[in-house]
Amino acid sequence: MTRKYELVYIVSPDATDEQVADLHTQVDGIVQRIGGQIEKTDNWGRRRLAYEIGRHKEGTYVLEVINGSGELMKEIDRRLKVFDLVIRHLVVRVDEEQEVIERVRGKRTETSRRRRLARGLPADRLPGEGQRGDSDDDRDDRFDMREGI
């Protein structure tokens, strides 16, 4: 099953741009070999770390958005642990949040349809039918702070 992941890794500040590019090439090779796809690569450049890691106070940050399987991400994780140039790395699955949003939206829609049918209304809302707040009724008197009106 193909999922979307974000991989962020921090490369030692001692590394040259060629070494960072070589590291990206190696990650790309792993992704291609296992059947994934790199959607986007973003080199954030050299930045100060939030806290000191070992003797490092700075590092080169690289973000990669990868479409692939869990096995692919396990292999990338295993390989990045071995590279001496990589200070830290983190893999996050980002499509899981979209699944939760779609599931909640589906439940709300189904509940709304059931309630509308129970009241004798069509299951789906018609155009123009919706929440309160029509353009001709902009003012809500409940929150008028003036006295005696």
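Readers should treat all values here as calculations from the given coordinates under stated rules, not as data from a laboratory. Remember, predicted model here, so these are calculated numbers, not experimental data. Using ideal geometry, Cβ is built from the backbone for each residue, glycine included, and neighbour counts are taken over all protein chains shown.
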Sites excluded, GluC sites (Glu not before Pro) in DSSP loops with at most 10 other C-beta within 10 Å, longest stretch of the chain: 1-128
Loop only by DSSP, 10 or fewer other Cβ within 10 Å of the Cβ. Give me the trypsin sites (Lys or Arg not before Pro) in the range 19-126 that pass, ordered by residue number. Arg55, Arg119
Excluding residues fewer than 8 places away in the same chain, name every one of the lysines whose C-alpha is closer than 20 Å to that of Lys57. Lys81
For the chain, take the alpha-carbon Rg, divide it by the Kirkwood Rh, and send me Rg/Rh. 1.29
What is the order of Tyr9, Tyr51, Tyr61, fewest Cβ neighbours within 10 Å to most? Tyr51, Tyr61, Tyr9
Give me the angle, in degrees from 0 to 90, between the Cα long axis of helix 70-82 and the longest principal axis of the Cα atoms of the chain, rounded to the nearest 10. 40
